[in-house]
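The numbers here are math on the coordinates, done by the rules we state, and not lab data. Just so you know, these numbers come straight off a predicted model, no measurement behind them. Neighbour counts run over all protein chains shown; Cβ positions are idealised from the backbone, glycine included.
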Amino acid sequence: MIPLTTMLILTIILSAIGTQAQEQQQLLQLGQEVYENHCSDCHRSNGEGLPVKFPALKGNAFVLGDPKPVLDTVIHGRTGKLGQMPAWKEFLDNNQIAAVVSYIRNAWGNKAPTLRPEDVAPRRKN
Ligand code: HEC
């Protein structure tokens with residue numbers, strides 16, 4: 001027989017894991033909404049972008065790499081070889097930015113750690 005205290009501790013751990021998984025799912029769901037509303041016109045719903053116009057985010061090493069420059073690009077925008085990536089700092093809050101960057105790092109077969117609003121706040125100042 002498993003002692004009652006052990007059962008209790010196990011139950012608490014399992015429900016904590018469950019909550020975490022649920023939070024991840026909610027984050028990615030919000031990220032998908034933000035993406036469809038604000039990003040998919042250019043980068044397209046399938047993340048493949050458009051050749052010579054909008055970069056693909058699917059299978060993109062930059063998107064999957066160090067999250068700081070990815071956050072900077074989304075927060076502050078960027079003008080590059082392909083043109084203008086708009087800045088989102090005025091339009092999206094920290095939670096929405098964490099969600100959409102988490103989404104592009106985990107959609108279309110992409111796999112990279114998700115982000116939290118606390119990761120976004122310090123990048124706004126750069
Ligand atoms: C009006 C079109 C447009 C919209 C809308 C747009 N982007 Fe972009 N995005 C671009 C362009 C153009 C570039 C490439 C800029 C360059 O040449 O450096 C880019 C670059 C990027 C990059 C860097 C890719 C790389 O390989 O360096 C990321 C990440 C990105 N966009 C994410 C997003 C997200 C997330 C959203 C929505 C919140 C979004 N974009 C909305 C046009 C757009």
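Summary of computed values
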| read-out | value |
| --- | --- |
| Using θ = phi - 60° and Karplus 6.51 cos²θ - 1.76 cosθ + 1.60, couplings along the range 2-18 (whole Hz; Gly, Pro as x) | 7, x, 4, 4, 4, 4, 4, 4, 4, 4, 5, 4, 5, 6, 5, 4, x |
| Helix 94-104 axis, angle to the chain major axis (alpha carbon atoms, nearest 10°) | 80 degrees |
| Exposure proxy ranking, count of Cβ atoms within 10 Å, fewest first, for Ile9, Ile2 | Ile2, Ile9 |
| Ellipticity estimate at 222 nm from DSSP helix runs (n ≥ 4, -39,500 (n - 2.57)) divided over the chain, nearest 500 | -16500 deg cm²/dmol |
| Top of Asn46, Asn94, Asn110 by mean-square fluctuation, Gaussian network on the chain, Cα under 10 Å | Asn46 |
| Karplus 3J(HN,Hα) series, Hz, for the range 27-32 with 6.51 cos²θ - 1.76 cosθ + 1.60 (x for Gly, Pro) | 4, 5, 5, 4, x, 5 |
| Anchor Lys58: lysines whose Cα lies under 22 Å away (excluding residues fewer than 8 positions away in-chain) | Lys68, Lys81, Lys111 |
| Projected area averaged over orientations for the range 30-94, convex hull of C-alpha atoms, nm² | 4.4 nm² |
| Candidates Val52, Val70, Val34, ranked by Gaussian network fluctuation over the chain, Cα under 10 Å, top entry | Val52 |
| Of Ala61, Ala87, Ala16, the one that fluctuates the most in a GNM where the chain has Cα springs shorter than 10 Å | Ala16 |
| Proxy reagent accessibility, fewest Cβ within 10 Å first, across Met7, Met85, Met1 | Met1, Met7, Met85 |
| Relative contact order of the range 46-92, pairs being alpha-carbon contacts under 8 Å that are 6 or more residues apart, as % | 25 percent |
| Which of Phe54, Phe62 has the fewest Cβ neighbours within 10 Å, and the rest in rising order | Phe62, Phe54 |
| Equivalent ellipsoid dimensions for the chain as semi-axes, Å, which come from the Cα gyration tensor, largest first | 35, 16, 12 |
| Relative contact order of the chain, defined on C-alpha pairs under 8 angstrom at six or more residues apart (%) | 25 percent |
